[in-house]
Amino acid sequence: MAENVEGTYRNTIGSIVSWALFRAAIVIGLALLLIEYVRWIDYSTWVALTLIMIYAAVIHPMQVQYRIYQDETKNVIDGTLCASCRYFEPTGVLCSKLDEHVSEDVIPCGGELWEPK
Ligand code: SF4
């Protein structure tokens, strides 16, 4: 599993969405500047360029980050003690009881708070 040195994940659902929103805001700003200041551009070209920027800067990076997230969390979601615990939240790979990320090597409670689903 590819985790960073702190044992947390490079991407979480929250970070993927927040970065996508951040990039979308930049793309919207650029699109508005484009339609305002670039005189040669007509509306249909502007729409096409905006859609290309949205795909290139928002959607494609989200897909890549989500694939990395799935790779990183697959083993945790499939085969750890936490995966069978009622406090485990697979969408965030999180222990809801302790509000900590779970990894393949680290069970935050050490198994003491485990309860079946
Ligand atoms: S309570 Fe313990 S076993 Fe259950 S999800 Fe949290 S860390 Fe994992």
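Bear in mind that the values in this text are calculations on the coordinates, not laboratory data. Here the structure is a predicted model, which is why all the values come from computation and not from measurement. Here Cβ is always computed from backbone atoms with ideal geometry, including for glycine, and neighbour counts include all displayed protein chains.
Tabulated data
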| quantity | calculated |
| --- | --- |
| The chain - charge dipole about Cα centre, Lys and Arg +1 at Cβ, Asp and Glu -1, debye rounded to 20 | 480 |
| Phi-based couplings in Hz for the stretch 100-116 (Karplus 6.51, -1.76, 1.60; Gly and Pro marked x) | 10, 6, 9, 10, 4, 9, 10, 9, x, 8, x, x, 6, 9, 4, 9, x |
| FRET efficiency, Ile28 to Val64 (Cβ-Cβ, R0 30 Å, nearest 0.05) | 0.90 |
| Ranked list, fewest to most other Cβ atoms within 10 Å of each Cβ, for His60, His101 | His60, His101 |
| GluC sites (Glu not before Pro) within the stretch 1-104, DSSP loop, no more than 16 other Cβ atoms inside 10 Å | Glu6 |
| Signed unit charges on C-beta, dipole axis of the stretch 19-117, positive-most listed residue Ile107, Cys82, Ala31 | Ala31 |
| Kirkwood Rh, Cα atoms: Rg over Rh of the stretch 13-72 | 1.11 |
| Normalised contact order of the stretch 1-100, rounded percent, pairs of Cα under 8 Å and 6 or more residues apart | 33 |
| D (Stokes-Einstein, µm²/s), Kirkwood Cα radius, the chain, 1.567 mPa s at 4 °C | 78 |
| Net charge of neighbours whose Cβ lies under 15 Å from the Cβ of Trp19, counting Lys and Arg as +1 and Asp and Glu as -1 | +3 |
| Positive dipole terminus of the chain, leading residue within Leu21, Ile52, Thr73 (C-beta point charges) | Ile52 |
| For the stretch 92-117 versus the stretch 17-69, the gap between their alpha-carbon centres in whole angstrom | 38 |
